[in-house]
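What follows is calculated from the coordinates using simple rules that are stated; it is not laboratory data. Predicted model only: the values in this text are computed from it and were never measured. Glycine gets a Cβ as well: all are built from the backbone with ideal geometry, and neighbour counts include every protein chain shown.
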Amino acid sequence: MNVYETDELLGQYLGFHFGESYFGVGNYPARCAGICQELMAGRDKRKALDLGCAVGRTTFELGRVFEQVVGVDLSKSFVDAAHNLKQDGEIDYFRRDEGELGTRVTVSLDELGLARAAERVSFTTGDACQLGEEHRDYDLIFAGNLIDRLQDPGLFLGDIHRRLADGGTLVISSPYTLMEEFTPRANWIGGFERNGQQRTVLDGLREVLSHHFEELQPPQDVPFVIRETRRKFQHTIAELSAWRRVR
Ligand SMILES: C[S@@+](CC[C@H](N)C(=O)[O-])C[C@H]1O[C@@H](n2cnc3c(N)ncnc32)[C@H](O)[C@@H]1O
């Protein structure tokens, strides 16, 4: 069973994307969208793609400035939730406190100032590694915490330029967790030693993307907190890198 299809993860991700912040760490999907907007200053903002969009917060946030934003995720449960939130303007989820105890919480797009942006977004299930031909000519592609969930990140990175317009922007964030249940060791692009030299995932990204992209700025840390229960939280520091298609 794909963990991203479970009710447990659905509740956690609705809370992560639309709920409260913890330990002074700001909303990660909204922060990522903000960085994308800064990178797109003065550039065309017709179409954006949020790959591995989960329950959609970054997609909605990008809808504030892009004419059209598509959120794609492998999880039907996440995409259905994002779509229902767009359609109904609100959605409920269970925020677990301990065991079976918890509270039902309502997310409202209106309260988040996202009701207008929602008119510009759509959500669809899909595999980032096997996108249909309709996914092309984007001005921005954002892949948040996706590459370390892919079976073959190198294949994905080697092909993604085809989905961007000339001069289009690619933004990748990831904590590079490298778990074999998602990415077999043979497909890692970094996170190991070769010939006595350390090769990081960022080294791997630079090598693969250099064929079609220029790196736009030094990578930056973007922290996030996912609440599991009242007493258990995951505190992670993702690294965000930004690239412009030049070839
Ligand atoms: C760690 S979550 C990150 C979600 C979101 N971008 C965020 O930062 O909150 C990874 C997401 O990628 C999705 N995913 C995993 N493999 C995928 C694939 N091949 N194509 C599209 N989405 C995928 C999962 O369903 C999940 O929603």
Quiz item: chymotrypsin sites (Phe, Trp or Tyr not before Pro) within region 3-100: which are DSSP loop residues with at most 14 other Cβ atoms inside 10 Å?
Solution: Phe23
Practice problem: Can you tell me the FRET efficiency between Arg247 and Glu98 if r is taken as the Cβ-Cβ distance and R0 is 51 Å, rounded to the nearest 0.05? | Solution: 0.45
Quiz item: Applying the Karplus parametrisation 6.51 cos²θ - 1.76 cosθ + 1.60 with θ = phi - 60° to the phi angles of region 35-43, what ³J(HN,Hα) value in whole Hz is obtained for each residue in order, glycine and proline being reported as x?
Solution: 5, 4, 4, 4, 5, 9, 3, x, 10
Practice problem: For region 124-170, calculate the relative contact order in percent as a whole number, restricting contacts to Cα pairs under 8 Å that are 6 or more residues apart. | Solution: 57
Quiz prompt | Hits among lysines - C-alpha to C-alpha of Lys76 under 26 Å, sequence gap 8 or more where chains match | solution = Lys47, Lys86
Exercise. For region 105-121, just list the computed ³J(HN,Hα) in residue order, Karplus coefficients 6.51, -1.76 and 1.60, θ = phi - 60°, integers in Hz, with x standing in for Gly and Pro.
Key: 10, 10, 9, 10, 4, 4, 5, 8, x, 10, 5, 5, 4, 4, 5, 9, 10
Quiz item: Out of Gly168, Gly56, Gly19, any idea which swings most in a Gaussian network model of the chain, alpha carbons joined below 10 Å?
Solution: Gly19
Practice problem: Just subtract the alpha-carbon distance of Ser122 and Ala186 from 0.36 nm times their residue separation and send over the number in nm, one decimal. | Solution: 19.5 nm
Quiz item: In sequence order, what are the phi-derived ³J(HN,Hα) couplings for region 230-235 according to the Karplus relation 6.51 cos²θ - 1.76 cosθ + 1.60 with θ = phi - 60°, rounded to whole Hz, with x for glycine and proline?
Solution: 4, 10, 9, 9, 9, 10
Exercise. Ratio to report: Rg/Rh of region 143-247, with Cα atoms as the point set and Rh obtained by the Kirkwood method; give two decimals.
Key: 1.00
Quiz prompt | Relative contact order %, region 1-141, counting alpha carbon pairs below 8 Å whose residues are six or more apart | solution = 28
Practice problem: Evaluate 2.2 N^0.38 Å with N set to the residue count of the chain, then give the Cα radius of gyration divided by it. | Solution: 0.99
Quiz item: What residues have an amide H closer than 5 Å to that of Gly71, excluding those fewer than 5 places away on the same chain, when H is modeled at 1.01 Å from N in the peptide plane?
Solution: Asp50, Ser122, Phe123, Thr124
Exercise. Only loop residues by DSSP count here, and only those with at most 16 other Cβ atoms within 10 Å; note down the GluC sites (Glu not before Pro) in region 69-124 that meet that.
Key: Glu100, Glu111, Glu119
Practice problem: Take the eigenvalues of the Cα gyration tensor for region 64-188, scale each by 5, and report the square roots as semi-axes in whole Å, largest first. | Solution: 28, 23, 12
Exercise. At most 13 other Cβ atoms within 10 Å and a DSSP loop assignment: could you name the GluC sites (Glu not before Pro) in region 1-86 that fit?
Key: Glu20, Glu67
Quiz item: Between Gln68 and Gln217, what is the spin-label point distance in nm, taking each point 7 Å from the Cα along the Cα→C-beta axis?
Solution: 2.8
Quiz item: Given a cut-off of under 8 Å on Cα pairs at least six residues apart, what relative contact order in percent is computed for the chain?
Solution: 19
Quiz item: What FRET efficiency would be calculated for the residue pair Ala165, Asp7, taking the C-beta separation as r and a Förster radius of 51 Å, to the nearest 0.05?
Solution: 0.85
Practice problem: Could you tally the net charge around Phe192, taking each other residue with its Cβ under 13 Å from the Cβ of Phe192, Lys/Arg +1 and Asp/Glu -1? | Solution: 0
